[in-house]
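Q: Okay, here's the structure, questions in a sec.
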Amino acid sequence: MDFNSILQRAQRMQEDLEKSQKELKNKEYTNKTVSSIVKVTMDGEYQAKSVEFGKDFVNNFTNEDFEMLADSISVAINEITREITEDKEDVMSDLAGSINIPGLR
């Protein structure tokens with residue numbers, strides 16, 4: 001493999017990385033708690049886009065409900081954060097796995 005082909009492959013990998021990063025940035029992740037108390041949507045940069053609450057739950061709020069709501073929001077955000085991180089790790093792993101430069105492995 002000559003130097004020019006190595007440079008071309010590196011350029012293609014850079015383009016693939018930029019494309020993947022843009023796709024992840026624009027992807028929306030949604031998590032709805034089991035009891036449908038809260039639904040949180042975030043983008044690939046960990047920014048909250050929306051938070052929605054179950055109408056049946058909100059209509060009859062008590063102090064305990066506020067605590068449960070706060071816990072539900074935390075759970076939903078943490079789950080989405082884990083999913084975004086896994087997607088980013090998968091993309092990077094896929095891109096790294098495509099590198100096949102003689103003498104580097």
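Computed from the coordinates by the stated procedures, all read-outs in this text should not be read as laboratory data. All of these numbers come straight from a predicted model, not from anything done at the bench. All Cβ positions, even for glycine, are placed from backbone atoms using ideal geometry, and neighbour counts span all protein chains on display.
Q: Tell me, what HN-Hα J-couplings in whole Hz come from the Karplus equation 6.51 cos²θ - 1.76 cosθ + 1.60 at θ = phi - 60° for each residue of the stretch 91-96, using x for Gly and Pro?
A: Going residue by residue, I get 4, 5, 5, 4, 5, 5 Hz, with x marking Gly and Pro.
Q: With θ set to phi - 60° and the Karplus curve 6.51 cos²θ - 1.76 cosθ + 1.60, what are the ³J(HN,Hα) couplings of the stretch 20-28 in order, to the nearest whole Hz, using x for Gly and Pro?
A: Result, ordered by residue: 5, 5, 5, 4, 5, 4, 8, 6, 9 Hz.
Q: What nm distance separates the two modelled labels at ASP16 and LEU95, each placed 7 Å from Cα along Cα→Cβ?
A: The modelled label-to-label distance comes out at 1.0 nm.
Q: Would you kindly derive the ³J(HN,Hα) couplings of the stretch 75-82 from the backbone phi angles with the Karplus curve 6.51 cos²θ - 1.76 cosθ + 1.60 (θ = phi - 60°), listing them in order in whole Hz, with x for Gly and Pro?
A: Values per residue, Gly and Pro as x: 4, 5, 5, 4, 5, 5, 4, 4 Hz.
Q: Lysines within cross-link reach of LYS27: Cα-Cα under 23 Å, excluding same-chain residues under 8 positions apart?
A: Straight-distance partners of LYS27: LYS19, LYS39, LYS49, LYS88.
Q: Scan around VAL38 for amide H atoms under 5 Å from its own, H built in the peptide plane at 1.01 Å from N, and keep only partners 5 or more places away or cross-chain.
A: HN-HN under 5 Å from VAL38: THR33, GLY54.
Q: Then there is this: Which label marks the calculated value of semi-axes √(5λ) of the Cα gyration tensor in Å, given the options [x] 44, 12, 7; [y] 20, 18, 14; [z] 27, 14, 11?
A: [x]
Q: What is the gain in length, in nm to one decimal, between ARG82 and VAL58 on full extension, counting 0.36 nm per residue of separation less the C-alpha to C-alpha distance?
A: 5.9 nm
Q: Among ILE73, VAL58, SER93, pick out the residue whose Cα is farthest towards the positive end of the charge dipole of the stretch 3-97, where Lys and Arg carry +1 and Asp and Glu carry -1 on C-beta, about the Cα centre.
A: The residue sitting farthest along the positive end of the dipole is SER93.
Q: Would you please give the FRET efficiency between GLN8 and LYS32, computed as 1/(1 + (r/R0)^6) with r the Cβ-Cβ distance and R0 = 35 Å, to the nearest 0.05?
A: Approximately 0.20, to the nearest 0.05.
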